Each structure stands twice: as C-alpha cells, then as structure tokens.
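*Asks:* Pasting in a structure now, in structure tokens, and then I'll have a few things to ask.
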Amino acid sequence: MEIGVISLGCPKNLADTESVVSFIKDFKLSAIKDADVVLLNTCGFLKKSRDEVFEHLNKLKNKKVIILGCLASKFTKNDLKKYKQIFAVVSGINYTNIQAILNSIEKGNKVFAVSKEPEIYELEGGKMLLSSSAYAYVKIAEGCNNKCSYCLIPSLKGKYRSRKMEDIILEVKNLIKIGIKEIILVAQDCGPYGVDLYGEKKLPDLLKKLEAIKGKFWIRMLYIYPETIDEKLLKVIKSSKKILRYLDIPLQHGDPGILKKMNRPSDINKTLKKTTAIKKTLPGVTLRTSLIVGFPGETEKAFQNLKSFVEKINFDHVGVFEYSREKGTVSYSLKPQIPERIKQKRRKEIMLLQQKISLENNKKLIGKTFEILIENFDDKKKQYIGRIPRFAPEIDGVVYLKSTKKLKLNEFYKTKIKTADEYDLSGILI
C-alpha cells in the first residue's frame with residue numbers, strides 16, 4: 001500500500017505522525033498524488049488551523065483519507081457519509097491499531113475509531129522519521145490541566161498525561177542509534193511531567209537519564225511554563241553538557257489585568273524575578289516566549305504595559321500572535337472584542353520592538369565561538385547553513401557558514417561568529 005502523509009500544526013503533531021507511521025507494517029511512503037491512502041494529521045487549535053484541514057480535504061476528494069490529531073474528536077460518524085473521501089477517523093489511543101484500520105479500509109470498509117479514553121499510546125521500538133533532519137521531536141506528555149481562557153487544547157486533548165519514563169528513554173536511544181543529533185522534548189507544558197504518573201515533577205530526573213545515554217547529541221525542551229521552572233530543574237540544566245541552555249516560556253502577556261482574564265499567573269514582578277533568577281543560574285541562557293495581542297479588553301495602557309514587559313525581560317526570541325476568538329473558550333464571550341486592524345497594528349509594533357532587541361542581542365555574539373550543527377548547503381551562495389544552541393529549528397534563526405573545507409551534514413563543528421542581523425548570524429569554521 002502506498003501511503004501519503006500530511007502533518008499539520010505544531011511539532012507535537014509531527015511527533016504523533018511519525019509514531020503512527022511506525023505502527024504500519026508493510027507500506028511505501030509516497031507523494032500525495034501517488035498515494036492509495038492519505039494520513040491527515042489535523043490541528044484544531046485555531047479557526048485558521050481548522051480551515052486548513054478542510055482545504056486539504058477538498059483537495060483530497062479522489063483519495064482515501066484517514067483523519068488523525070486534534071480535530072479527530074470533533075468529527076462524527078455522520079462525517080464518514082458527508083465526506084466520501086474520509087475512510088477513517090482515529091483518535092490518539094487508537095493509533096496503535098492503525099494497521100488493522102488500514103486492512104479494513106483495503107476491504108472497502110469505513111472506520112470510526114474515536115475514543116474519549118485518557119490513555120496515551122506507546123511506541124513498540126523505534127519510530128519512522130518523516131524527514132532527513134538532524135533533529136527529532138519526542139513527545140513526553142499529552143493534554144493539559146491549565147485552564148487558559150483562550151485555549152481549546154484541554155477540550156481537544158484532555159487532561160495532562162505523562163508518558164512512562166522508560167518508554168521515552170527507549171525512543172531517544174533508538175533515535176541516537178540512527179544518527180539523530182538533537183532531541184527536542186515537546187508537550188503542551190514539559191514542566192509538570194511525571195506528576196500524574198509518579199506523584200511529583202520528574203522532568204529533572206528524566207533529563208538526567210537522557211543525559212546518561214551514550215553519544216554526542218543535544219537535548220532541547222520546548223514549552224515550559226514559568227510556574228513549573230524550579231531550582232532543581234535549573235541545576236540539572238546547568239550541570240549538563242547535553243541539555244541546551246534554552247527555555248521556551250509561553251508568557252502570553254505583560255499586563256496583570258489581561259493575564260487575569262486569560263487565567264494565567266498575573267504577578268508580573270514574580271515573573272520578572274523568575275526570569276532574572278534563570279539568567280543568573282544559567283549564564284548565556286536563551287529565552288523565547290509567545291505573546292498574544294488584541295485579547296478582549298486590551299486597552300492602549302495594557303498594550304503599553306506589554307511593550308514595557310518585553311523591554312524589561314529582553315527576550316532573545318518572541319512569537320507574537322493576534323488573539324483568535326474561538327467558540328468553546330471562556331474568552332469567546334468576553335467584551336470588548338478588539339478590532340482586527342488594531343490587533344494587526346499591535347502585533348507589528350511588538351515585532352518591530354523585538355527586532356531591535358534581537359539585533360542588539362545577536363551583535364553581542366560577534367567574535368564568540370559556538371558549537372554548530374550543520375544541516376544544509378546552499379549551492380548558489382556556496383555556504384553551509386546550521387544552528388547554534390540558541391536557535392531551535394523552524395522557529396528561530398540560522399547561522400550561515402563559509403568553509404573551504406567540505407563539511408558533513410548533520411554533524412557538529414566549531415564556528416566563530418562574524419556578522420549578525422535581527423534573526424540570523426554568519427560565521428567562519430574554526
């Protein structure tokens with residue numbers, strides 16, 4: 001059977017897609033146009049994400065489609081009749097049954113395998129990566145217990161569920177064996193990892209065990225909320241040679257009133273003290289955050305407080321999103337809603353402010369030496385493209401490296417930074 005894959009949304013979804021493919025026994029991965037069956041892993045976080053799902057469905061009218069991911073729980077059995085191309089809808093707990101589902105589809109059957117059960121699937125050995133990148137995403141937990149007023153994730157994914165530590169360690173070992181050089185741990189929030197399984201936060205212990213795996217590789221964490229970052233975790237990162245000093249801390253806003261409406265921690269001084277402590281414990285740490293502009297009731301004063309907050313913390317990387325009004329969230333009914341043109345204007349202001357901050361931070365790196373992971377070669381410009389620890393793949397910048405020596409892709413080298421702009425750097429081989 002020839003199978004095509006479309007994975008929408010965030011890295012957590014990509015990790016799931018790669019896991020699902022690993023449960024299929026006998027198939028050929030092909031281009032969508034040649035596929036007998038297409039796995040469509042959906043994202044349902046925002047209206048734009050949901051619209052993208054149905055755009056793909058319309059393009060796949062002549063294919064047999066299996067719906068996976070966030071939006072699977074929102075489909076019904078009637079949708080199997082409504083959309084002739086949908087042959088199966090499968091929720092997370094049923095991913096391990098994908099082979100049997102494919103066998104049933106081959107016989108012409110349609111399958112509705114959506115369950116509300118809170119378990120999390122586990123891999124049976126290695127998983128199949130869908131790219132030739134040097135990095136791989138490893139999901140350590142599913143769901144979320146936070147009740148942010150703007151977010152659909154708890155209703156789509158359920159409560160926070162940690163994967164067993166031994167299963168994560170086995171997955172990472174297998175990835176290192178096949179040459180992966182960067183392990184990226186992902187969850188809706190990595191911080192509470194283990195509380196549901198072991199009765200306490202186990203992220204520091206997990207990191208120690210991953211650090212002990214033999215081989216030369218980086219460990220990066222994405223998405224860890226500030227309230228779960230403690231001294232124990234910071235000490236583990238500080239003492240490690242593999243765990244990168246990089247923290248992606250979604251803070252969402254910098255005004256106490258807006259944060260209260262978001263149902264997020266609203267003590268700004270406490271947040272500032274936390275980031276100061278992080279920088280003191282981990283010299284040279286890279287801080288990334290995500291912010292939302294145009295949340296209901298965001299006055300000009302509240303927006304100015306956000307700008308001041310961005311300046312005070314001096315983030316290295318910032319993602320700025322315009323508030324999306326989503327049915328089913330608490331914030332949907334909050335008033336006043338902010339006009340789209342104001343959201344766009346405010347997003348642009350924060351981005352311009354962050355560009356100045358990023359440029360100054362990047363300029364401070366000129367003359368310094370870093371380990372770089374080489375990932376690509378630009379034939380036209382005759383230069384290599386790689387990342388140093390401060391750059392996560394797909395969301396941050398890159399380093400352009402010129403070398404008279406031929407370098408191996410997906411390998412580590414040393415580079416000295418020569419120039420910098422708002423997002424990217426250039427260097428020379430040491």
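The values are calculated or read from the model by the stated rules, or taken from the named source; none is laboratory data. Keep in mind the model is a prediction, meaning the values are calculated, not measured. Here the Cβ is made from the backbone with ideal geometry for all residues, glycine too, and neighbour counts use every protein chain on show.
*Asks:* Every residue in the stretch 257-272 that is more than 15 Å from Ile313 (Cβ to Cβ), free of Cβ contacts under 8 Å to residues at least 24 places away in the same chain and outside any loop (DSSP other than H, G, I, E, B), please.
*Replies:* Lys260
*Asks:* Report yes if some residue within the stretch 306-326 is surrounded by fewer than 13 Cβ atoms within 10 Å (Cβ to Cβ) and in a loop (DSSP other than H, G, I, E, B); otherwise report no.
*Replies:* Taking every residue of the stretch 306-326 in turn, none turns out to be surrounded by fewer than 13 Cβ atoms within 10 Å (Cβ to Cβ) and in a loop (DSSP other than H, G, I, E, B).
*Asks:* Out of (1) without any contact (Cβ under 8 Å) to a residue 40 or more places away in the chain; (2) at negative phi, the odd one out for Cys151 is which?
*Replies:* Against the list (1) without any contact (Cβ under 8 Å) to a residue 40 or more places away in the chain; (2) at negative phi, Cys151 comes up short only on (1).
*Asks:* So which helices (runs of 4 or more DSSP H) are wholly in the stretch 1-90 and hold at least 2 residues that are farther than 30 Å from Thr329 by Cα and among the charged types (D, E, K, R)?
*Replies:* Numbers: elements: 11-22, 47-59, 77-82.
Qualifying helices (runs of 4 or more DSSP H): none found.
*Asks:* State all residues of the stretch 278-305 that are part of a strand (DSSP E or B) and of a type outside the set (Ser, Thr, Tyr); if no residue qualifies, say none. Don't jump to the end; show me each part of the working.
*Replies:* Taking the stretch 278-305 first, the residues part of a strand (DSSP E or B) are 286-293.
Within the stretch 278-305, Leu287, Arg288, Leu291, Ile292, Val293 meet the criteria.
*Asks:* Can you name the residue in the stretch 207-228 that is assigned to a loop (DSSP other than H, G, I, E, B) and among the aliphatic types (A, V, I, L, M) and is also surrounded by the fewest Cβ atoms within 10 Å (Cβ to Cβ) among such residues? Before you say what the answer is, go through the steps one by one.
*Replies:* Residues of the stretch 207-228 assigned to a loop (DSSP other than H, G, I, E, B): 212-217, 223-225.
From what's left, among the aliphatic types (A, V, I, L, M): 212-213, 224.
Values: Ala212: 9, Ile213: 16, Ile224: 21.
Ranking the candidates gives Ala212 first.
*Asks:* Ok, one more. Being surrounded by 14 or more Cβ atoms within 10 Å (Cβ to Cβ) and either modelled with pLDDT under 90 or more than 21 Å from Leu8 (Cβ to Cβ) (or both) is the filter here; which residues of the stretch 73-102 pass it?
*Replies:* Those that are surrounded by 14 or more Cβ atoms within 10 Å (Cβ to Cβ) and either modelled with pLDDT under 90 or more than 21 Å from Leu8 (Cβ to Cβ) (or both): Ser73, Lys74, Ser91, Gly92, Ile93, Asn94, Tyr95, Thr96, Asn97.
*Asks:* So, one more: Can you name the condition, by its number, that Leu197 falls short on among (1) hydrophobic (A, V, I, L, M, F, W, C); (2) closer than 28 Å to Asn362 by Cβ; (3) in contact with a strand residue (DSSP E or B) (Cβ under 7 Å, 6 or more places away or on another chain)?
*Replies:* Of everything listed in (1) hydrophobic (A, V, I, L, M, F, W, C); (2) closer than 28 Å to Asn362 by Cβ; (3) in contact with a strand residue (DSSP E or B) (Cβ under 7 Å, 6 or more places away or on another chain), Leu197 misses just condition (2).
*Asks:* Which residues, taken from the stretch 144-165, are in a loop (DSSP other than H, G, I, E, B) and within 21 Å of Pro265 (Cα to Cα)? Break it down stepwise before answering.
*Replies:* Pass one, the stretch 144-165, residues in a loop (DSSP other than H, G, I, E, B): 144-152, 158-160, 163-164.
Answer for the stretch 144-165, where residues must be in a loop (DSSP other than H, G, I, E, B) and within 21 Å of Pro265 (Cα to Cα): Cys144, Asn145, Asn146, Lys147, Cys148, Ser149, Tyr150, Cys151, Leu152, Lys159, Tyr160.
*Asks:* Please state which of the following conditions Glu371 fails to meet, knowing it meets all the rest: (1) within 30 Å of Ser324 (Cβ to Cβ); (2) within 24 Å of the chain's Cα centre (by Cα).
*Replies:* Exception for Glu371: condition (1).
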